[in-house]
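Colleague: Supplied in structure tokens, the structure appears directly below.
Every read-out reported here was derived from the displayed coordinates using simple, explicitly stated rules and does not represent laboratory data. Everything quoted here is computed from the prediction, not taken from an experiment. Positions of Cβ are backbone-derived with ideal geometry, glycine not excepted, and every protein chain shown enters the neighbour counts.
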Amino acid sequence: MAARLRLAAEVAPQLLTGGLAVPLVIDDPDEPQPRAPLAHEVVAMRIVAGSTLGGQAHEATARRCFAAWPLPLMEAMLVQEAGRWRVFSLQPLLLSDLSGAERAELPALLARYGARSQPETAPTMLSLAVLWDGSDPGTASSAETLDRLARVAAPHGLRVERLHPSDFDLLSDHDALFIRTVTGVDQPAWAWATRAESLGMPVIDHPDAIVRCGNKVYLHELLQRAGIATPPHPHLRPRVQL
């Protein structure tokens, strides 16, 4: 860079375009010979929100200028050097600086910016919370089973995350609850099930199911009324000997 500046200072004064100094260019960095750029190697480009006015070329450069200097309306000066375009001047513009034809282009260019600036949202995966305690010998599923559930669910847009009973505050971050711990109205799973119901999320086991299945007498009578065969079993009461 120092050699380039030194050589540039030794050549003739730079060109002037509308009072603006145009930098000298070097065609071969290995053999720096600064020269004044030709007329077709200097371009003035007016940019509106990342698009060029007048259907000019260099749209990619316009978008990069707007990304680096997000001015809604600006004019950039480009010079071609060693086959590449680079910006050597950039200044903001006012609406009064535009011609009538350029002002007529503004609605379409601003609409293009609005469409381009909309974020591309990836499909959101639903999240299934699995209440599971690996330290509980009576847990309903093994870690391997839940890992397989996660693998099978992922291609269908469902993320599976295991939660420990101590992670109660994390339940609301999910879309549904699958309980794989011991259930009962006196168990932690009851609080999880009722909380999920209050949040409006699907839950297995549902609080109603926990109540009904926890009361074996009620469950036995319910199955009998439905005509579902059940194994014979006695009802035990205190101080009753069999």
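Colleague: Given R₀ = 25 Å, FRET efficiency for ASN215-ARG195 by Cβ-Cβ distance, to 0.05? Write out the running numbers ahead of the final one.
Modeller: Values: r = 21 Å, r/R0 = 0.86.
Using R0 = 25 Å, I get an efficiency of 0.70.
Colleague: Right, another one. Provide the packing ranking of 137-145, 196-204, i.e. peptides ordered by the mean count of other C-beta atoms within 10 Å per residue, highest first.
Modeller: Values: 137-145: 11.3, 196-204: 15.1.
Result, highest mean first: 196-204, 137-145.
Colleague: Place a point 7 Å from Cα of SER172 in the direction of its Cβ. Which residues in the stretch 194-213 have their backbone N less than 11 Å from it?
Modeller: Within reach of a label on SER172: 199.
Colleague: Would you please classify the overall shape of the stretch 126-225 from the alpha carbon gyration tensor, given that a ≥ b ≥ c denote the square roots of the eigenvalues, rounded means a/c under 1.5, and beyond that prolate means a/b larger than b/c while oblate covers the rest?
Modeller: Working: a/c = 1.73, a/b = 1.60, b/c = 1.08.
Here the stretch 126-225 falls in the prolate category.
Colleague: Residues with amide H under 5 Å of LEU163's amide H, sequence separation 5 or more or different chain, H placed in the peptide plane at 1.01 Å from N; which?
Modeller: Distant-sequence amide H within range of LEU163: VAL130, LEU131, TRP132.
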